[in-house]
Amino acid sequence: MTDERTMRDRMLAGEEYVADDPDLARENARAQALTHAYNTTDPTDRDRLRALMTELLGSFGEGSTILPPFRCDYGYRTTVGARVFANFGLVCLDVGPVTIGDDVQIGPGVQLLTPTHPIDPVRRRERWEGSAPITIGDGVWLGGGVVVLPGVTIGRDTVVGAGSVVTRDLPPRVVAVGNPARVVRELDA
């Protein structure tokens, strides 16, 4: 049986796909144009910045701020809760869904990376890729330079130390540091 779905349909379903779909190319071009406009807007023009983020992202909560520069693949695959603050240089590769809860603080140079690629070099040369979602719970603080890998969920109120690489889920209310990030203590209730 032949799979007649588009590569975009496969991507949205969280399955392997080849990013040569014309709709994906248009959606990526749209995101690049909006991020370019965002990154070159006068940083004191808060209304324009908010309007661009609202147009770009799947949702952008009240009172949230993402300082430019900001980069993403599609934008609409990312949802940002209320009162989120992301410092300079957030990279959000949102081939898969990226969900950022309320009251999250994100340090400079953080990378949220949903794409996956096959280990098999032949499939990589054929340009197959996939994704796994990232979920950042309410009240999380990601220190500067944190990298969050595909498929990771970070629990509510967790703190991830600067420079850490988060390779697997972290529970709520802990402090995690290192590469790979490991829990070093629990937070008081």
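The values are calculated or read from the model by the stated rules, or taken from the named source; none is laboratory data. From a predicted model like this one, the values you see are computed outputs, not experimental measurements. In this analysis, Cβ positions are derived from the backbone assuming ideal geometry, glycine residues included, and neighbour counts consider all displayed protein chains. Just so you know, the surface numbers come from the protein's heavy atoms only, side chains and all, with ligands and any DNA or RNA stripped out. Shrake-Rupley method; radii C 1.70, N 1.55, O 1.52, S 1.80 Å.
General observations
- Reported label for calculated Rg and Dmax of the Cα atoms in Å given [x] 17.0, 56; [y] 16.2, 46; [z] 16.4, 63: [x]
- Distances between placed amide hydrogens fall under 5 Å for F60 paired with V80, all partners being 5 or more residues away or on another chain.
- By the Cα gyration tensor, region 1-57 has an equivalent ellipsoid whose semi-axes, rounded to whole angstrom, run 33, 10, 7 from largest to smallest.
- In this view, the solvent-accessible surface of D42, computed with a 1.4 Å probe and all protein chains in place, comes to about 80 Å².
- If R0 equals 25 Å, the separation of the Cβ atoms of E15 and R168 corresponds to a calculated FRET efficiency of about 0.70.
- Overall shape of region 147-186 was characterised from the C-alpha gyration tensor. The equivalent ellipsoid obtained from it has semi-axes of 14, 12, 7 Å, in decreasing order.
- A simple rule links phi to the HN-Hα coupling: the Karplus curve 6.51 cos²θ - 1.76 cosθ + 1.60 with θ = phi - 60°, which for region 78-87 gives 10, 10, 10, x, 7, 6, 7, 10, 10, 6 Hz, with x for Gly and Pro.
- Net charge of Cβ neighbours under 12 Å - reference G101; Lys, Arg +1; Asp, Glu -1: -2
- Calculated SAXS-style log₁₀ I(q)/I(0) at q = 0.21 Å⁻¹ - region 27-77, Debye, Cα scatterers: -0.66
- Ranking by accessible area, most exposed first, for S131, S164 with a 1.4 Å probe: S131, S164
- The residues packed around D138, meaning those with a beta-carbon under 15 Å from its beta-carbon, carry a net charge of -1 if Lys and Arg are +1 and Asp and Glu are -1.
- Per residue of the chain, the DSSP helices (runs of n ≥ 4 H) give a summed -39500 (n - 2.57) that works out to -6500 deg cm²/dmol at 222 nm.
- Distance between the modelled labels on T2 and A132, one decimal in nanometres: 3.3 nm (7 Å Cα→Cβ projection).
- With K and R counted +1 and D and E -1, the other residues having a Cβ less than 9 Å from that of G58 yield a net charge of 0.
- Length available on full extension from R71 to V184: 0.36 nm per residue minus the Cα-Cα distance, which gives 37.6 nm.
- Among T158, T114, T44, residue whose mean-square fluctuation peaks in a GNM of the chain (springs only between Cα atoms under 10 Å): T44
- Electrostatic dipole magnitude of the chain [Cβ: Lys, Arg +1; Asp, Glu -1; Cα centre; debye, to 20]: 440
- Estimated inter-spin distance, D45 and I119, nm [label 7 Å along Cα→Cβ]: 4.9
- Once the Cα-Cα distance is subtracted from the 0.36 nm per residue extended length, the F88 to S59 segment shows a gain of 8.5 nm.
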